[in-house]
Each structure stands twice: as C-alpha cells, then as structure tokens.
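Novice: If you scroll down you'll find the structure; I have some questions about it.
Since every read-out is calculated from the coordinates, none of them should be taken as a lab result. In this text the structure is predicted, and so the values were computed from the model without any measurement. So basically every Cβ, Gly included, is an ideal-geometry build from the backbone, and we count neighbours across all protein chains shown.
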Amino acid sequence: MAFENDTITACATPPGLSALALIRISGLQAIPIAEKLSQSPLKPRSPVPVKLHHNQSTLDEVVVTSWPNPKSYTGEDLIEISCHGNPLIVESILQAVCSLGARPARPGEFTERAFLNGRIDLTKAEAVLDVIHARSERALLAGQRALAGKLSSRLMADRESLLQLLARMEAWIDFPEEDIQPEVGEGFRSEISNLLKSSASLLATAPLGQRLRSGYRLVLSGPPNAGKSTLLNALLGMDRALVSPIPGTTRDTVEESIVLNGFPVRLIDTAGLRSSTDPIELEGMGRTRAAMDSADLILALIDSSQTNDPCAKDWISYGPKVIPVLTKGDLPSSNSFSGLTVSAHTGLGLDDLRNKIIQHLKADLHAPGSDEIAVNARHEDALRRVTEALACASASLLNRAAPELIASDLRLALQALESILGVGTSEDVLDRLFAQFCIGK
Ligand SMILES: Nc1nc2c(ncn2[C@@H]2O[C@H](COP(=O)(O)OP(=O)(O)OP(=O)(O)O)[C@@H](O)[C@H]2O)c(=O)[nH]1
Ligand SMILES: [Mg+2]
C-alpha cells in the first residue's frame, strides 16, 4: 500500500434509493473538479447549493461543501456532494468526476488517507469501523470512546513513560559502570511495574472487545424435546427455529442475535443430546458439544413436565458457565429438579431468565480499571508482547542483568505499543485493516 497522491472519489452512503446520497472527492484535484462541475467558485467549509453540469447536460441540483486541507477528514482537499439518492444520479456524478481526473476509491481509502496524513492514529481508524458496525448500544459506546481517543491517549501516556525510561536506561549504559545499582534498579522496576499494570488492564478488556464485536455466545442445550427451539424463538420474539413434538427436530445449530442490556448476544439453538445411532443425529450432537465448548454461557434445559432425565446431571455439571432452566412451567411438574422455571408458551420466568443472563454477562465481561475501553484482537496480540517484554525487563533488573539486555526488552515493548497506534505497522497489516471498510469510508 504505497501512499498515492491521486484524487479519489466514491459514494459514502449505501446503494439504493434514498432521499439523499453523499459523494466524496479527496485529493489535489478535488476542488478544481467540483468547481468545474458546479461552474462556480466554492467557499471553504460552507455548503453551497448548485447545479452540476457535465458535457452540456445537468446532472443534479446538489449541495457542495469544500473542506480544504489540512482540516478535513482525509487531511487532503475534500469535497462532499449531497445529491438526490438515486443510483443513476450517483453514477452519473461519479463518472463525471472520474472523467475530470479522479479515480474510484478502494474500500477504506478515505480513512486510510486520514491515517497516512496523520489525522488519526490506527486505533481511531479501527474505531471508525467499530462505530459503523456496532450492533448494540455498548458496542457503539466502546467504538465512540475509542474514536474520541480514550484508547490512544492511554497508549500515548504509556509510550511517553516508556520513552523516558528507555532514555534513562540508555544514559545509564553510557556510564562506565557495568551493573545497575540496586536502588536505581528498584526505581526502574517500580516504573516498569506501573506500565505492566496499565497494559495488563487494557489486555483484560480483550474478552469484552471480542464479545462486543462478535456477540456473547449463549448456547441452549438439553435433551430432545426439552423446548430449546421454542425458548430460542421466545427470546428472539420471532419464529426462527422449527418446533415440533417429535424428538430430534433440530439437527444443526441455529444462530440468531439479540441485544440484552445493550450487549450483543448470539443465541445458539442446538440438536438435543441423547444416545443415537443415526449418523446425521450424531453429527448434529457433535456440533452441539462444539457449541457448548465455545459457549460463554449455557442454558441447560430440563423438561419439568417429564420424569427425571438420567442424563440431566451431565449437562448441569458441564462447568461453571451453566444455568439450569426448567422448561414448560405451564404444565404440571413431574420431576424433582428445582431452579429457574420458565414457560416459553406463557412467558413465565422469561424476565428472570433474561436478568440472570445479564448478571452472568456483566460478571464475565467486567474488566476493572478499563475505563470502558474494549481492545480488539490486533491490540490484544500487541499488548501481550508489551506485557511479556516488560515482564522480562523487570526480571532482568531483579537479576542485575546487563543494562543493554534490559534496554533491548524495553525497546521491544515500545515497538509493540507503537504498533497499536500504527507507528511502524507493516503494510500488510494496514492493507488487511482497511480492506474491512466499505467503499466511501
Ligand atoms: N406446554 C408447553 N409446551 C412447550 C413449551 N416449550 C416447548 N413446548 C413443546 O415441546 C415440544 C418440543 O419443543 P421444541 O422447542 O421443538 O423442543 P427442542 O428442545 O427444540 O427439541 P429438539 O429440537 O427435538 O431437540 C413442542 O411440541 C413444543 O410445542 C412450553 O413452554 N410449554
Ligand atoms: Mg429444537
């Protein structure tokens, strides 16, 4: 991904019919192209209503806003054209803009330019993506906080401390003494320990970040006919999974998302567990177990209207992430299990069940000292390297190792920390990141 200095254009709004669409042009030719099409000079940062003309025909009545560099989204001259939201109009304007010297933008290229021009760091570029893709209030809030610089300011402060530490360490290396005196070492160690705490607390937000982006995995399991699919449908408020009185109806996992208390939750209905020789059912049960293994929380369903199922103890004791749920609470009870009772038919206990799930979810995803930050997998990987390198530096100090060795660990920590912000990040990482964007962003 070499930085290109040409002028790019794209529609920033979704395709299809709408009241308005927004076309962006960024680069050296952006303002001349817009002035040529509108046949009038543009005032910086003031929306101007104009007619766009090209090849003797009128394209549309639009509003054009000019954002001269460097105070624009991309850091380059940027034009925004609000036109009528008809794909034919959008296409004709894009063609006219390209015939005057621009080229179609790649996905994420506007944000990529904002990053390359130093308008935003990489955590903020990623936050743009998070804000666009957020499917729950909590995910949106985390994205907005990252966009407002909460994560980058934390990292910048740590980077500053690390740079100072490294400078002092390098000054020490220049002294004739080979070893670091214990009292100096102690001072260094306490600073490294503060940095370690900071990166560890950011690292602890990774599970939250992962769940906010892909959903908290809630698996419904139990024997055939326990009412798993009926409960899934009741929690979703729609008829998603097939329900029947015939045991073994669900063969494959069925997934759908809901939002609980602002969190995205992925509900996963599974094939009922029982002994069987049917190869398709066995394959389905294998998928049930795989879903249970990767679940954040399991609802172990037991039909309260049936006599005790001998297997019930197995899935109730699957681990700490299991909530036993007695189903069909509207029918007379015939077994000796006690616990949360629901009826997907009458709605009995569903609010209690939702509250219980929310309690687990909050306890699982709480990261103390995180300040509502939720790092992503790329940050997590880098923070692990920061933490490892700092731990090595701290151990080396304790063992009174050569200062050069400690400095080299601190440099590794610095590199990893800076990679989160996008300093020295390799081209393929950047390519992969910006490829996730849509065109026009
Ligand atoms: N009375 C009553 N019947 C229910 C309730 N929930 C489910 N049922 C019935 O129980 C039967 C089985 O329901 P399903 O939701 O298909 O059960 P399942 O656990 O998904 O079953 P499999 O997919 O075969 O593993 C159906 O006839 C449902 O109508 C309930 O709350 N009350
Ligand atoms: Mg089912």
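Novice: Rounded, prolate or oblate: pick one for the chain, where a ≥ b ≥ c are the square roots of the eigenvalues of its C-alpha gyration tensor, a/c under 1.5 means rounded, and failing that, prolate if a/b is larger than b/c, else oblate.
Specialist: Verdict is oblate for the chain.
Novice: Let me ask you something else. How high is the relative contact order of segment 213-365, in percent, counting Cα pairs under 8 Å that sit 6 or more residues apart?
Specialist: With pairs under 8 Å counted, the relative contact order is 23 percent.
Novice: Classify segment 213-365 as rounded, prolate or oblate from the Cα gyration tensor: take a ≥ b ≥ c as the square roots of its eigenvalues, call it rounded if a/c is under 1.5, otherwise prolate when a/b beats b/c and oblate if not.
Specialist: Verdict is rounded for segment 213-365.
Novice: Can you put 131, 386, 265, 254 in order, fewest other beta carbons within 10 Å first?
Specialist: Going from sparsest to densest Cβ surroundings: 131, 254, 265, 386.
Novice: So how far apart, in nm, are the two label points at residue 156 and residue 58 if each is 7 Å from Cα heading toward Cβ?
Specialist: 4.8 nm
Novice: Ok, one more. Neighbouring Cβ atoms within 10 Å as the yardstick, rank 216, 73 fewest first.
Specialist: With the sparsest Cβ surroundings first, the list reads 73, 216.
Novice: Please identify, among 220, 236, 301, the residue showing maximal mean-square fluctuation in a Gaussian network model of the chain using a 10 angstrom Cα cutoff.
Specialist: The residue that fluctuates most here is 236.
Novice: To the nearest 0.05, how large is the calculated FRET efficiency for residue 86 and residue 141 if R₀ is 22 Å and r is the Cβ-Cβ distance?
Specialist: Calculated value: 0.05.
Novice: Give me the number: length gained by fully extending residue 274 to residue 48, i.e. 0.36 nm times residue separation minus the C-alpha to C-alpha distance, one decimal in nm.
Specialist: 74.4 nm
Novice: Moving on to the next point. Please find the FRET efficiency linking residue 168 to residue 427, where r is the Cβ-Cβ separation and R0 is fixed at 45 Å, and quote it to the nearest 0.05.
Specialist: The calculated FRET efficiency here is 0.85.
Novice: What is the sum of charges around residue 414, taking Lys and Arg as +1, Asp and Glu as -1, for the other residues whose C-beta is under 14 Å from the C-beta of residue 414?
Specialist: -3
Novice: Here is a follow-up. Working out 0.36 nm times the residue gap between residue 28 and residue 190, then minus their Cα-Cα distance, what length gain in nm do you get to one decimal?
Specialist: Stretched fully, the residue 28-residue 190 segment lengthens by 53.3 nm.
Novice: Something else now. What is the dipole size for segment 8-119, taken about its Cα centre, with +1 at each Lys and Arg Cβ and -1 at each Asp and Glu Cβ, in debye to the nearest 20?
Specialist: For segment 8-119, the charge dipole is close to 240 debye.
Novice: Under 19 Å Cα-Cα from residue 328, which aspartates and glutamates qualify once same-chain neighbours fewer than 8 residues away are excluded?
Specialist: Partners found: 239, 269, 303, 309, 351, 352.
Novice: Another question, then. Place a label point 7 angstrom from the Cα of residue 71 along the Cα-to-Cβ direction, then list the residues of segment 21-60 whose backbone nitrogen is under 16 Å away.
Specialist: Label zone hits: 43-47.
Novice: A follow-up question, please. Given the DSSP H assignment, sum -39500 (n - 2.57) over each helix run of at least 4 residues in the chain and divide by its residue total; what's the result at 222 nm in deg cm²/dmol, nearest 500?
Specialist: Rounded to the nearest 500, it is -15000 deg cm²/dmol.
Novice: Report, in debye and to the nearest 20, how large the dipole of the chain comes out about its Cα centre when Lys and Arg carry +1 and Asp and Glu carry -1 on their Cβ.
Specialist: In debye, rounded to 20, the chain gives about 1100.
Novice: Here's a follow-up. Considering the chain as a Gaussian network with a 10 Å cut-off on Cα pairs, which listed residue, 126, 61, 80, attains the greatest mean-square fluctuation?
Specialist: Comparing 126, 61, 80 in a Gaussian network model of the chain, the most mobile one is 61.
Novice: Just grab the label-to-label distance for residue 293 and residue 19, each label 7 Å out from Cα along the Cβ direction, in nm (one decimal).
Specialist: It works out to 5.2 nm between the two label points.
Novice: Let me ask you something else. Which residue, 29, 155, 345, has the largest displacement toward the positive end of the dipole of the chain when charges sit on each Cβ (Lys, Arg +1; Asp, Glu -1)?
Specialist: Value: 345.
Novice: Right, here's the next one. Relative contact order for the chain: what percent, with Cα pairs under 8 Å and sequence separation of 6 or more?
Specialist: Relative contact order of the chain: 18 percent.
Novice: Pull out a ≥ b ≥ c, the square roots of the eigenvalues of the alpha-carbon gyration tensor of segment 314-374, then state rounded if a/c is under 1.5, prolate if not and a/b is larger than b/c, and oblate in the remaining case.
Specialist: Taking the square roots of the gyration eigenvalues as a ≥ b ≥ c, segment 314-374 is oblate.
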